[in-house]
1. Of (1) part of a loop (DSSP other than H, G, I, E, B); (2) over 25 Å from the mean Cα position of the chain (by Cα); (3) hydrophobic (A, V, I, L, M, F, W, C), ALA327 satisfies all except one. Which?
2. Do we have PRO347 as in contact with a Gly (Cβ under 7 Å, 6 or more places away or on another chain), in contact (Cβ under 8 Å) with a residue 12 or more places away in the chain and buried (at least 18 other Cβ atoms within 10 Å of the Cβ) here?
3. Of everything in region 256-310 that's of a type in the set (Gly, Ala, Ser) and buried (at least 23 other Cβ atoms within 10 Å of the Cβ), which residue is nearest to PRO153 (Cα to Cα)?
4. Is it the case that region 94-113 has a residue that's on the phi > 0 side of the Ramachandran plot and over 15 Å from the mean Cα position of the chain (by Cα)?
5. Within region 190-212, does at least one residue satisfy the condition of being in contact (Cβ under 8 Å) with a residue 40 or more places away in the chain, in contact with a Phe, Trp or Tyr (Cβ under 8 Å, 6 or more places away or on another chain) and in a strand (DSSP E or B)?
6. Evaluate region 286-294: report whether one residue or more is within 19 Å of ASP175 (Cα to Cα), of a type in the set (A, V, I, L, M) and either out of contact with any His (no Cβ under 7 Å at 6 or more places or on another chain) or assigned to a strand (DSSP E or B) (or both).
7. So if I check each of ALA323, ALA295, which one is more than 16 Å from ALA98 (Cβ to Cβ) and without any contact (Cβ under 8 Å) to a residue 12 or more places away in the chain?
8. Identify the residue in region 330-341 that is in a loop (DSSP other than H, G, I, E, B) and surrounded by 15 or more Cβ atoms within 10 Å (Cβ to Cβ) and, among all such residues, is farthest from the chain's Cα centre (by Cα).
Amino acid sequence: MARTRSVTLHQLAKACAVSIATASRVMAGDARVAAPTRAAVLAKAAEIGYAPLARPGVEQAVRPGLPRASGDLGLVMNPAVLVEAFFMRLVCAAQAEAEAQGRRLVLAGPAALADEAALRRLRLDGLLLQDDGDDELQARMAAVLPTVVVMTPGRSHPCDAVGWDESQAVELALDRLLALGHRRIRFFDIHDHLRTGGRGNVHHLARTAAFERLRAGRGLDQATCEVLPGRDAPLDEVMAGRLDAWLAGKNRPTAILCGADVYGVPLVHAAQARGLRLPGELSLIGIDDIDLCTALRPQLASVRAPQAEIGAEAVRLLLRRQAAPRAPRTLTLLPVSLQERGSLAPPV
């Protein structure tokens, strides 16, 4: 069988109407290249199938016709989150699906994407990449390997992506509170990364924006939104302080919609320490459905993120991308579901 000819750097530069040196700097991640030029070159590289790792003498399987590297698929996630069962649902499901497809899943940290040499050492056939808001990195990876972004909150990407719609998650929680009769609803979140000048957590940013849109669109003038840019104390102390402030305020909420369950858990403890009846005097609902939700009394209601389903679907998307490298990119959003538990009741 004849081998498919690889797209060369010269062809990429010609297609983008830039010099070979400029195209090379873009693919090497040189930040000195102007952002519009960088974006245009990365998009064209993904479109025409330029693969800088596909060099003579270097086994890669980034494009059809090249010898297979190893058959392995890579999953790149922040190591700090892997101690949490919430994220391990995705990892375990992706591993099981890869094995079912006759592949091995290699777990790696962000350092694996630091340079071409680090990535080449992994000898991967495809990449699953946790969404952290870095579109430029995603475009670079998609130009090198078949790539699927996992855990997207529903935004567009320069490559295939799978996740859930954060707007739907917030709407499910808000609709349930409204159906119970709550109007003085407070949405609470913490955007830690913004204080240090980072991009911010893409999920928390999307959840806050969704609540603001829904509040304005439905005319919920008694609903309020509070977002802290960071915290300087342990989370249980922060949440206890916020609860005291809410209870003492003029517009005392009857329900709290937490931007994540990790805020709802210490809120339950703080409310109980103050003798507050849950859910009689205050209803609580979170988002993510972490394991601790069912360890509380009352159990914390939450909107379940489909982590396991995302892991399995991401592997299937990646294998389809390997089979059809020039097919249009896809954005797959899996449904979330409301887990109604004992922390919800009509307002007193």
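The values are calculated or read from the model by the stated rules, or taken from the named source; none is laboratory data. Computed from a prediction, not measured in an experiment: that's the story for all the values here. Reconstructed Cβ throughout: ideal geometry from the backbone, glycine too, with neighbour counts over all protein chains shown.
1. (2)
2. Values: in contact with a Gly (Cβ under 7 Å, 6 or more places away or on another chain): yes; in contact (Cβ under 8 Å) with a residue 12 or more places away in the chain: yes; buried (at least 18 other Cβ atoms within 10 Å of the Cβ): yes.
It is true that PRO347 is in contact with a Gly (Cβ under 7 Å, 6 or more places away or on another chain), in contact (Cβ under 8 Å) with a residue 12 or more places away in the chain and buried (at least 18 other Cβ atoms within 10 Å of the Cβ).
3. Within region 256-310, the subset of a type in the set (Gly, Ala, Ser) is 259-260, 264, 270-271, 273, 275, 280, 283, 286, 295, 301-302, 305, 308.
After this cut, where a residue has to be buried (at least 23 other Cβ atoms within 10 Å of the Cβ) as well, the list is 259, 264, 283, 286, 301-302, 305.
Values: GLY259: 13, GLY264: 20, SER283: 26, GLY286: 16, ALA301: 20, SER302: 17, ALA305: 10 Å.
Ranking the candidates gives ALA305 first.
4. Yes, the conditions are met somewhere in region 94-113.
5. There is at least one residue in region 190-212 that is in contact (Cβ under 8 Å) with a residue 40 or more places away in the chain, in contact with a Phe, Trp or Tyr (Cβ under 8 Å, 6 or more places away or on another chain) and in a strand (DSSP E or B).
6. Within region 286-294, one or more residues are within 19 Å of ASP175 (Cα to Cα), of a type in the set (A, V, I, L, M) and either out of contact with any His (no Cβ under 7 Å at 6 or more places or on another chain) or assigned to a strand (DSSP E or B) (or both).
7. ALA295
8. Residue satisfying both the conditions and the ranking: ARG341.
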